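Structure first, commentary second.
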Amino acid sequence: MSLIKGVTLGQYMPADSFIHKLDPRCKLFITVLSMVAIFISDNFLALAMWASLILFLTKRSKIPVRALMKSAKPIMILIIFTSFLHVFFTGGDDIIFSIGPLKASAAGILMAIRIGLRLYLLVLFTALLTFTTSPSELSDGLEAVLGPLKRIGFPAHEVAMMMTIALRFIPTLFEETERIINAQVSRGADFHSGGLVKRAKAYIPVLIPLFVLVFKRADTLAFAMEARCYRGGKGRVRMHPLNWGTTETKTAIAFIIFVATVIVLNRCA
Amino acid sequence: MAPVSAMLPRWRLYSWSTNLMSLGTTLYLEGAEFQYQEAEKKILKGIDLEIRAGEWIALLGPNGSGKSTLLKLFNALLLPSQGCCFIDGINTKETNVSEIIRSKVSIIFQNPEDQIVASVVEEDTAFGPENLGLPSPEIKKRVKEALTEVGLWEMRKQPVSSLSGGQKQRLALAGVLAIKPGALLLDEAMSMLDPSSRKSFLDLIKREHGYGRTIVQVTHRLEEIVDSDRTFIITDGELSWHGNTETFLSMSDDSIKNMGFAKPPVAVLKEELVKNGTVAMSTKSNIADIREKLCL
Amino acid sequence: MPLTVKNLSFTYNLGLPTEVNALRNISFSADKGEILSIVGHTGSGKSTLALHLNGLFIPQDGEVIIDGIKIDNSHAQLRKIRQSVGLVFQYPEQQIFAETVHDEIAFGPQNWGLTGALLEERVLYAMNAIGLDPSFASANPFLLSGGEKRRVAIASILASEPTYLVLDEPTAGLDYNGLCELTALLKSMAEKGICVIHITHDLELALNISDRILIISEGAVTACDTPTFISQMLSNINVKGLILPEILSLSYEMKKKGSIEYVTSDPYKLAEQIKAAKTRCH
């Protein structure tokens with residue numbers, strides 16, 4: 001029932017695929033490794049390889065490619081803005097055009113495309129992770145990965161639980177925000193006219209009910225969790241304990257080989 | 001209790017306690033009062049009541065009369081500021097009993113959105129048993145039983161956001177059934193549902209009551225309390241009326257109205273029919289009985 | 001008619017794999033001074049329809065015409081329409097933001113440009129109409145009870161002096177007294193010449209208080225007629241999620257069999273008739 005429901009970022013899409021079944025730790029490992037690797041890939045061949053890998057994984061996980069593309073939509077502005085800055089601030093001699101003091105060089109434009117592509121691929125990769133991994137699995141994986149830090153007092157379980165709840169409430173909060181906006185617009189609130197300050201002020205009648213509702217919701221949720229015997233991570237187990245099997249090992253190795261190949265290509269080409 | 005719990009692994013304790021006793025849980029309040037520390041006003045004032053194992057209690061009262069607070073006392077989400085609350089004989093004020101109490105008494109709130117923790121149906125159902133530290137096969141078994149019970153097993157892999165309001169509330173029910181509680185507290189659990197989801201939810205509650213579970217149901221609609229055994233009315237934090245639901249529902253239309261409720265039309269019809277001598281009927285009969293008597 | 005909806009259709013996520021047909025070819029109209037209830041199951045599209053009535057949604061297909069003005073993207077016209085069509089949402093918590101009841105109620109008229117004495121007059125009128133004591137004006141709306149919050153929310157719409165009042169599920173969670181107050185309010189609004197559009201899944205309530213009922217199912221109009229007609233129709237056909245009140249359906253059944261004279265939703269009258277008819281089992 002929501003306009004904002006079109007936003008698919010961070011939403012889990014259940015399907016029966018090999019990628020959905022992978023141990024979340026394996027998926028986290030792959031995602032983190034690929035984030036680093038994508039960031040150091042600067043030639044177009046390497047980026048193309050990443051793109052095809054993402055396409056391949058999407059196909060294998062039975063996620064519609066369209067949904068994946070759409071997931072990057074909210075971050076598109078950021079990506080375009082960053083690329084835009086690079087056009088003018090990279091420097092270089094062969095100036096192609098200039099706007100006032102801003103000079104766009106050929107190197108700058110190339111750099112902008114690279115940066116833009118990199119960010120885009122990064123977003124797609126993380127989106128793929130959230131599409132194929134349910135929030136609880138993700139937080140289990142995170143908790144397990146961060147587990148060793150517990151010894152130095154890092155609240156691994158709490159962080160993971162916070163993430164579960166945050167992801168759970170994203171769709172709810174979107175709907176709620178939309179309803180509040182509707183209610184205020186019906187009473188004549190205007191978010192589109194006036195200067196920046198006036199427009200920012202217009203959002204106060206949206207933010208106040210939203211905060212009040214979020215706090216109320218948090219309060220009831222805390223009661224509901226406690227009522228279902230939640231007492232923090234101590235003594236808590238999971239229905240599907242994490243299981244790192246041969247598939248995970250094989251996938252991780254295959255992935256490492258892929259990354260190594262891309263890095264070598266990236267250096268040589 | 002202490003020596004047994006010391007000998008058994010944690011999850012054993014619960015299956016042990018539910019196996020040994022009958023399914024229903026007794027709830028007992030003795031001079032229970034409640035007020036928030038900084039507040040002046042007492043929300044509950046000296047309430048004494050006993051709810052027997054397997055009883056179905058309707059808890060009525062105007063908005064803001066303290067019904068929700070009363071329910072929270074029953075599963076130790078709040079502790080009485082004066083007096084005591086006993087669950088199956090265990091005082092909720094004792095230390096380290098909250099978990100055993102909450103595995104006996106479960107609560108369902110008005111808005112399903114506020115009580116679903118995980119994003120996927122089966123994962124949310126597993127939340128309670130996971131907190132109890134049950135072994136994985138047992139959790140899976142309970143999740144399957146609970147989801148089958150409420151008719152959501154086919155949707156177990158679905159994201160919660162794709163469920164309708166009625167389905168979400170049934171999921172909330174599954175989430176507490178997986179804990180296998182002896183008592184279910186319903187805090188206006190049906191008020192946000194449409195009539196058909198309300199009916200199917202009420203049918204589920206009837207079934208759970210049939211299994212022997214104690215039910216305490218807060219509601220504004222008297223149609224929903226017809227199957228209950230006793231009725232408690234709370235006004236301004238005090239127990240202003242209690243007695244058999246039949247007695248309550250057989251009070252005159254006007255006196256029920258004065259108490260702030262509307263008498264269910266079916267109850268009126270039945271009474272009138274008995275009064276004018278058309279049919280003889282027991283006090284606890286519903287529309288189906290009336291139809292039968294009228295040869296429909 | 002002053003409010004007319006013609007062949008309105010609406011699809012969420014148009015062109016995506018997740019697209020949902022929320023409204024299909026809806027047509028109806030509403031008149032000033034009447035209570036029109038829009039009744040349908042959850043997900044029938046009734047809330048989506050409500051959002052179209054004051055231009056929160058612009059029709060994708062078909063048209064919504066209010067007092068001769070067709071809703072489209074024109075900013076100035078939308079403002080005009082939102083002044084004359086007040087929309088009260090289900091949860092007052094989703095709109096209350098001000099520090100005092102007065103400021104909360106004044107929000108609408110202020111946005112339409114009213115100030116000073118005129119504004120105060122509106123606030124007073126709205127509080128009076130809704131039966132809120134003037135002493136509430138300085139109260140903190142967040143600390144009110146559920147029923148009072150709902151009244152403030154309705155007052156905050158009435159303060160704009162709308163000619164059309166659309167209420168989405170206004171009775172959810174109210175206790176019996178709250179329900180009685182609300183239905184009395186809707187009736188008095190209609191008597192003042194306001195067109196009250198009441199959106200609900202509670203068929204029984206709709207049958208009791210409406211002049212006309214629009215039944216909507218799976219995004220399409222099933223019927224739009226008087227309560228008598230609608231209840232008769234529902235005694236013959238099944239509409240998803242709508243169940244006739246038990247007394248009414250019983251009396252229809254007995255009327256069909258010829259055992260009673262007339263159909264009624266009043267249990268006393270039904271009992272009398274049954275007695276007179278002396279229906280008994282053999």
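For the reader, a short list of remarks on this structure follows.
- Pair list, Cβ under 7 Å, 6 or more apart: region A:48-66 residue without any contact (Cβ under 8 Å) to a residue 60 or more places away in the chain and of a type in the set (Lys, Arg), other residue assigned to a helix (DSSP H, G or I) and surrounded by fewer than 17 Cβ atoms within 10 Å (Cβ to Cβ): A:Arg60/A:Phe18
- Taking region B:188-199 as the range and being surrounded by fewer than 24 Cβ atoms within 10 Å (Cβ to Cβ) and either in contact (Cβ under 8 Å) with a residue 40 or more places away in the chain or basic (Lys, Arg) (or both) as the test, the residues that pass are B:Glu188, B:Ser191, B:Met192, B:Arg198, B:Lys199.
- Verdict on B:Arg221 being modelled with pLDDT of 90 or more and of a type in the set (Lys, Arg): no
- The single condition among (1) among the hydroxyl-bearing types (Ser, Thr, Tyr); (2) within 14 Å of chain C (Cβ to nearest Cβ); (3) in a loop (DSSP other than H, G, I, E, B); (4) farther than 30 Å from C:Ala106 by Cα that A:Ser193 does not satisfy is (4).
- Residue in region C:83-96 that is more than 23 Å from the chain's Cα centre (by Cα) and modelled with pLDDT under 95 present: no
- When A:Leu242, A:Leu167, A:Leu207 are screened for being away from chain C (no Cβ under 14 Å) and surrounded by fewer than 17 Cβ atoms within 10 Å (Cβ to Cβ), only A:Leu242 passes.
- Residues in region C:73-131 that are more than 9 Å from chain A (Cβ to nearest Cβ) and among the basic types (Lys, Arg): C:Lys80, C:Arg122.
- Residue within region B:24-36 that is assigned to a strand (DSSP E or B) and within 12 Å of the chain's Cα centre (by Cα) present: yes
Quick grid of which residues meet (1) outside any loop (DSSP other than H, G, I, E, B); (2) touching an Asp or Glu at 6+ places or on another chain (Cβ under 8 Å):
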| residue | (1), (2) |
| --- | --- |
| B:Asn63 | no, yes |
| B:Gly83 | yes, yes |
| B:Phe86 | yes, yes |
| B:Lys93 | no, no |
| B:Asp124 | yes, no |
| B:Lys140 | yes, no |
| B:Ala146 | yes, no |
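- Restricting attention to region C:1-33, the residues being over 20 Å from C:Ile69 (Cα atoms) and touching a Cys at 6+ places or on another chain (Cβ under 9 Å) number 0.
- Close contacts from region B:155-172, counting a first residue that is within 11 Å of chain A (Cβ to nearest Cβ) and a second that is assigned to a loop (DSSP other than H, G, I, E, B) and among the aromatic types (Phe, Trp, Tyr), with Cβ to Cβ under 9 Å and a gap of 6+ residues or different chains, come to B:Pro159/A:Tyr12; B:Ala172/B:Phe109.
- So A:Phe154, is it open to solvent by 40 Å² or more (accessible area, probe 1.4 Å), away from chain C (no Cβ under 14 Å), outside any helix (DSSP H, G or I) and farther than 30 Å from C:Asn54 by Cβ: yes
- Number of positions in region B:40-57 that are over 14 Å from B:Ser240 (Cβ atoms) and open to solvent by less than 40 Å² (accessible area, probe 1.4 Å): 5
- Screening C:Gly33 on (1) of a type in the set (Gly, Ala, Ser); (2) part of a strand (DSSP E or B); (3) more than 10 Å from chain A (Cβ to nearest Cβ) shows it passes everything except condition (2).
- Considering region C:162-187, the residues that are touching a residue at least 40 places away in the same chain (Cβ under 8 Å) and surrounded by fewer than 20 Cβ atoms within 10 Å (Cβ to Cβ) include one that is nearest to C:Ser84 (Cα to Cα), namely C:Thr163.
- Out of C:Arg122, C:Arg150, C:Arg82, sole residue that is surrounded by 20 or more Cβ atoms within 10 Å (Cβ to Cβ) and over 27 Å from A:Glu176 (Cβ atoms): C:Arg122
The values are calculated or read from the model by the stated rules, or taken from the named source; none is laboratory data. What you are looking at is a predicted structure, and each value in this text was computed from that prediction instead of being measured. Backbone-built Cβ (ideal geometry, glycine too); neighbour counts: all protein chains shown. The area values use the complete protein model at the heavy-atom level, side chains included, leaving out ligands, DNA and RNA. Shrake-Rupley method; radii C 1.70, N 1.55, O 1.52, S 1.80 Å.
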